[in-house]
Amino acid sequence: MDLNAIKQKLDSLNKQSNYKKGSGKNLFWKPSVGKQVVRVAPNKYNKDFPFTEMKFYYGIGPRVMASPQNWNEKDPIQEFTKQLRTTNDKENWRLAKKLDAKTRIFAPVVVRGEESEGVKLWQFGKEVYQEFLNMAADEEIGDYTDIAQGRDIKLTTVGPEVTGTPYNKTSIGPSLKTSPISNDKDEVNKFLEDQPDPMKIFKRYTFDEVKAGLQEFLSPEDQEKEGDIVSEPAVAFDGDTKSGNYSLDTNAKKSKSEQFDDLFDDKKSSNVDGSDDLPF
């Protein structure tokens, strides 16, 4: 029996467990107010694209839930919002918008001055993402993730007193000079090979778990509060968790429980969209 192999496997399982229980906070990095410099590392899990897009539900149930869409699986909330948008009811459309999954982007970064910490995941939204893509499309900037001739990324972050919101805002720009990600070969290999995978960090919720979260959101008065199955790593989203009385029937309002049961009852929903296919 190879004890070293057993220890390595145990460490790996412990890390995976911790990630999903929210103990992997050191896997993530976010800029603080002021100026900082990072280097986007080539993505170990996608050689052609450094960013990972993921969809999350916030405020549906007592937790942040990664959408099954991330793994190309059926998502009951996505199907529910599609059905809401088949009606002419403004309340249904408002609910659909509220329930839509929020997209977050993850980039593997090396924080300058903290290279010994290894690669971290920086998660951000649409504006920073667009800035990164615009830089990538600029031929004069080139491939800023290149390990030998890439560019560091300069960040400027301002706080709520400047943004006028409860949130910080970060803007980015490329360094004027190209540079290697590191001059140390071993460190380069570490940056390339030792990267957290966002697709494995977050719990992979089943169809039934997501469905239960949706049902609780729609009918909180019918659900007993239970403890979280899992506590996710902190990911900040803008979301409104309030819900109103919504109906898929524009002629007669039903309770939220009745609406939900109608939609997810296979016998009642088999022809909601006029096709022979079940919506799930």
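Data table
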read-out: Net +/- balance of residues flanking T170 in space, Cβ distance below 12 Å, scoring K and R +1, D and E -1; value: +2
read-out: Sparse-neighbour loop sites [trypsin sites (Lys or Arg not before Pro); the range 138-221; at most 14 other C-beta within 10 Å; DSSP]; value: K177, R204
read-out: For the range 24-94: rounded, prolate or oblate by the Cα gyration tensor [a/c cutoff 1.5]; value: prolate
read-out: Local net charge near E53, Cβ-Cβ under 13 Å (Lys/Arg +1, Asp/Glu -1); value: +4
read-out: Listed residue pairs exceeding 23 Å between alpha carbons, taken from K154/K203; K30/K190; K55/K126; K30/K203; value: K154/K203
read-out: Order of Y129, Y205 - criterion: other Cβ atoms within 10 Å of each residue's Cβ, fewest first; value: Y129, Y205
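Values in this text are rule-based calculations from the coordinates and carry no lab data. All values derive from a computational prediction rather than experimental measurement. Neighbour counts run over all protein chains shown; Cβ positions are idealised from the backbone, glycine included.
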